[in-house]
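The values are calculated or read from the model by the stated rules, or taken from the named source; none is laboratory data. Since the structure is predicted, the reported quantities are computational estimates derived from the model, not experimental observations. Ideal geometry is used to build each Cβ from the backbone, glycine not excepted, and the neighbour counts take in all protein chains shown.
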Amino acid sequence: MTDLLYWLQGPVPETPAPKAEMPPWGETKVVGKPLPRVDAYERVSGSAVYPLDVALPDMLHAAILRCPHAHAQVKSVDTSAAEKMPGVRAVLTGRSPGADIPWYRSRGKSYSKLFDDRARHEGDEVAAVAAETRAQAYDALKAIRVEYEVLAFVLDPREALKPEAPPIHDGGNRYGDPSEYRRGDVEAGWAAADAVVEGTYSTACEIHAPMEVHGSVAKWDGNRLTVWDSTQGVFVVQQQVAQALKLPLASVRVLGHYMGGGFGSKLEAGKYTVIAALLAKATARPVKLFLSREETFVNAGNRPANTMKVKIGAKRDGTLTAIEFLSIGSGGAYPNGADTSFLAGDLYTCPNVRTLDENVAINAGRARAMRAPGFPQGAWALEQAMDALADKLGMDPVALRLANVPKVSQKRGNQPYTSTGLAECLAEGAKQFGWSEARKRPKGDGPIRKGYGVASGMWGYGEGRRRRSS
């Protein structure tokens, strides 16, 4: 072991070296200085090649046939007419060789396949075509004949929990048990409160809509696959594509030099990536498959809608005594996160907290990460309840928040923060904004009114992530 340490680290000193004094901060050369981006010229000149721009010799273009129904059983798919159309080089269905691929795994369970016999939302993949031109590919889609058995559907998570709701997956419409968090005794917290407010807040589904739509170009060289992907994570795409196609990781190379926006929706491999690879394999030619803008709205993710019931109690001086936060949302027809309650348990000091998150399947496109998943919805609900509490107490909303700034992460075992900056941010923000004066100004009574507001927020689930406030 000593020899190994020698070769890895060099000789081990007999006595530790004296600890050097940390020099005082002086003028920095990088931190706090404006620096040109290394790829700035390529971006502003238009010479940067985004995945959507990739054009390879002998490249084919692909398109996907999607189910037009919210819920349907695919009885049969007839591709014979499409296969004979001009320019068509390959047609892919769930019964094509190599296309029987499990998809959307969660908790060790596979919820669907690449082309599933059961379409669980409008836009679910049914078949795909590769042709010489994009127009020829879309023309061929129109020639594919599909027999559907249309099924009952449900679009509201609360309706999906009712016994009579149509089942989207075997075993009911819940994605596992509700996620619950408790500390202290909320009932005791309500009893100790001088003021309690309660409200229900709902947010709508939001779509990412990046400038560059989702898609991939796939090219095989023997058994090695190269993918040009519009992605936020080349290694995640590499891993997921290799797993889907049962390839060694070293046999998949993913290139993503530039990306025209993603906002969280491009943190995973899409079905389109694997479909492009299968079509490229079948034709022995590169295949380009990018979604239309309409397809991205139903198939490339969303920030799910949520309904949140918030109850907060406090003493007269603003000290919080209890918080209850109940949330229901949907990851869509296939499992993904819809929780929103994290802030309720950690943003403000409170000894008694209960949160509950329900994630329910509905017949809609699957959610994907979007700019701090779950936090904007939760912050919006919690902060409105805090404003209502301040109003009931007759207390300044900034002062209420300052009275409850935590020094430890209560959801991470009371781990102390090195710093949060929340109190300083609130105080300095109020000063710069002219908060006290703004509260005295009339808002107006016409259709256009001037308002003001304050809110706090944070981001970070796991250990070691720094608290951020605004």
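Look at (1) modelled with pLDDT under 95; (2) touching a strand residue (DSSP E or B) at 6+ places or on another chain (Cβ under 7 Å) and you find that His257 fails only one, number (2). Within segment 138-148, the presence of at least one residue that is aromatic (Phe, Trp, Tyr), assigned to a strand (DSSP E or B) and either touching a residue at least 24 places away in the same chain (Cβ under 8 Å) or over 24 Å from Ala81 (Cβ atoms) (or both) is confirmed.
Report yes if Pro335 is surrounded by fewer than 24 Cβ atoms within 10 Å (Cβ to Cβ) and within 30 Å of Ser96 (Cβ to Cβ), otherwise no. In short, yes. From Pro86, Pro57, Pro13, which residue is surrounded by fewer than 14 Cβ atoms within 10 Å (Cβ to Cβ) and at pLDDT below 95? Answer to the check: Pro13. Just for segment 201-224: of the residues that are over 22 Å from the mean Cα position of the chain (by Cα) and surrounded by 24 or more Cβ atoms within 10 Å (Cβ to Cβ), which one is farthest from Leu247 (Cα to Cα)? Looking at the filtered set, the residue picked out is Val217. Annotation note: Cβ proximity below 8 Å between a residue of segment 366-388 that is in contact (Cβ under 8 Å) with a residue 24 or more places away in the chain and more than 14 Å from Trp459 (Cβ to Cβ) and a residue that is part of a helix (DSSP H, G or I) and among the basic types (Lys, Arg) (sequence gap 6+ or interchain) occurs for Met386/Arg401. Residues that are part of a loop (DSSP other than H, G, I, E, B), of a type in the set (S, T, N, Q), closer than 19 Å to Glu212 by Cβ and at pLDDT 85 or above do occur in segment 35-54.
For segment 248-353, the strands (runs of 3 or more DSSP E) that sit wholly inside it and include 2 or more residues that are without any contact (Cβ under 8 Å) to a residue 40 or more places away in the chain and not charged (D, E, K, R) are 252-255. If you go through segment 59-98 and pick out every residue that is closer than 13 Å to Glu147 by Cβ and among the acidic types (Asp, Glu), you end up with 1. Test Leu347 against the stated conditions and say whether it is hydrophobic (A, V, I, L, M, F, W, C) and over 18 Å from the mean Cα position of the chain (by Cα). For Leu347, the condition - hydrophobic (A, V, I, L, M, F, W, C) and over 18 Å from the mean Cα position of the chain (by Cα) - is met. If the condition is being at pLDDT below 90 and not hydrophobic (A, V, I, L, M, F, W, C), then segment 448-462 contributes Arg449, Lys450, Gly451, Tyr452, Gly460, Tyr461, Gly462. Considering only residues in segment 152-183 that are closer than 18 Å to Lys109 by Cα and small (Gly, Ala, Ser), the one that is surrounded by the fewest Cβ atoms within 10 Å (Cβ to Cβ) turns out to be Gly171.
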